[in-house]
Each structure stands twice: as structure tokens, then as C-alpha cells.
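Written out below as C-alpha cells is the structure these notes cover.
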Amino acid sequence: MIIYPAIDLKNKKCVRLYKGDFLKEEIFNHSPLQQAQQFEKLGFVNLHIVDLDRTLDSNNSNLEVIKEIVKKTSLKIQVGGGLRTRETIEEVLNLGVENIVMGTAAVQNIALLKKLSDQYPYQISVGMDVRKGFLALKGWTDQTQLLASDFVNKIKDYKIKSIIFTDIDKDGTKEGVNLEETLKMSKLSNIPVIASGGVASIQDVLAIKKTKEIKGVIIGKAIYDHSISLEELVKIN
């Protein structure tokens, strides 16, 4: 199982939001590079980065911070947040990241998702942010009436690296992963599903691993407030 420690970037700092609320942020580290290097030093191989600023404003990004992390670590980095055009997606891919995550654009412009997944096979992941079964877009501020399951059915044959399934109502709450819904998503296609949102303990991570169907997990807040020991976490694979 792939373990992704997470760095959420806002104003060039590591932050966490509560249920996606940009007004409820907590700064955990003023140096994203140092945070990434700490993960690498402990033995982590993968890193999940979200550019929160870009989710709200396509002209406002933490691109230089991401570029620095790519250059100064050997981590396999996946990047999401506001990547809604071919230009911005290729801009990030050209930094040398492992893969990018399309969220809003994947849903609103499925033709672009298809073209990019053909051009960059298995370098495009799809971020599915879900509230009560329905997809939410634009940094979770735009609630749709499109069922997540219906969308997966449309893209199940694309050359997608993974689906990152986030239960918005669990994110940042440390109430545990929505294991039932994440498992349902993993059964809908052959695309690997990564769990995100609500991880509170090592037991949550082990429960995900035990399913043998969910291929990875993204962990943020529980790392930063020390609910999960990084030394214990890195031993799980």
C-alpha cells in the first residue's frame, strides 16, 4: 500500500483546513521544503501536495515551492489543486513530478481528461471530492448533483493512474476514513483508489491496508498533530 504524507500549501506555508473551509486553517510548518525533507529522511517515498491557493485563483500558485521540493528531494510527488487547463497541467508535469491530480477539470471537461490521459498515460490522477455521494468542485465550494459512481463509470477505461477519493465531511476531522464508500469506489473499476480524508490513527491505516483493495492512503492532519507517529507509519507498506 502506498502511503502519501500530505502537504497542503497556502501562502507558501504548510496548512490544514477543516472540512475544506478556507477560513478555518491552521499553519503547521512555515517551510514546506523542510517538511518534505523530514518525510524523506524518515524513509517515505511518496508525497501528496495540494496547491490550495490555485484552487481559488488560477493566477496565484505555489509553483516555486513545489519546484524547490522536486529539486531538493527524491520523493515521488503528486500534485493537485486548481489544475484545470492543459497549460497548468503541463506546467506542473514539466517540473518532474510523478503525477498530477485533476479534480474540477476532470469532471467539467472530460474530453480534456481523455486527451491528457492518452498523452500522459498513468501520469494523471483524478481527485474525487465527494459530499454525501455527490461530487463537489472548485475547492469544494461548488456542490454538484453528479453521483461519484456515475462519473467513475465514464472514465473506468481511461489510462488513469489513480482515483483519490475524499469524503469532504471527514476531511480534517480525524473521525476516521469513510471506509465503506471508499471500498465501493474501488470496486467500480480497475483504476487504483487512494483513500483520503479523516485518517486519525495507525489503526485507520491498517484497516485500509487490510481491505487489500484500497491501494493507498493520504494522511495530513493526524501527522501534524502527532496523532500518528511517522516512525510507525513509514513501516507500513
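Read the figures in this text as sums done on the coordinates, not as results from a lab. No experiment lies behind these values; they were computed from the predicted model shown. Counting neighbours? That spans all protein chains shown, and the Cβs are built from the backbone with ideal geometry, glycine included.
General observations
- The range 2-233 - charge dipole about Cα centre, Lys and Arg +1 at Cβ, Asp and Glu -1, debye rounded to 20: 440 debye
- Within the range 179-237, the proportion of C-alpha pairs whose separation exceeds 19 Å stands at 27%.
- GNM result for the chain, Cα springs below 10 Å: residue of Lys161, Lys184, Lys210 fluctuating most strongly: Lys210
- Dipole of the range 86-237, positive end: most advanced residue of Val199, Gln145, Ile219 [Cβ charges, Cα centre]: Gln145
- Full extension of the chain segment joining Ser31 with Lys212 gains 61.7 nm, where the gain is 0.36 nm per residue of separation less the Cα-Cα distance.
- The range 83-146 shape via C-alpha gyration tensor axes, a/c threshold 1.5: prolate
- Prolate/oblate/rounded call for the range 15-134, Cα gyration tensor, a/c under 1.5 rounded: oblate
- Exposed loop sites were defined as GluC sites (Glu not before Pro) in DSSP loop states (anything but H, G, I, E or B) carrying at most 15 other C-beta atoms within 10 Å; in the chain the longest segment without such a site runs 1-174.
- Unit Cα scatterers, Debye sum, the range 2-233: log10 I(q)/I(0) for q = 0.17 Å⁻¹: -1.30
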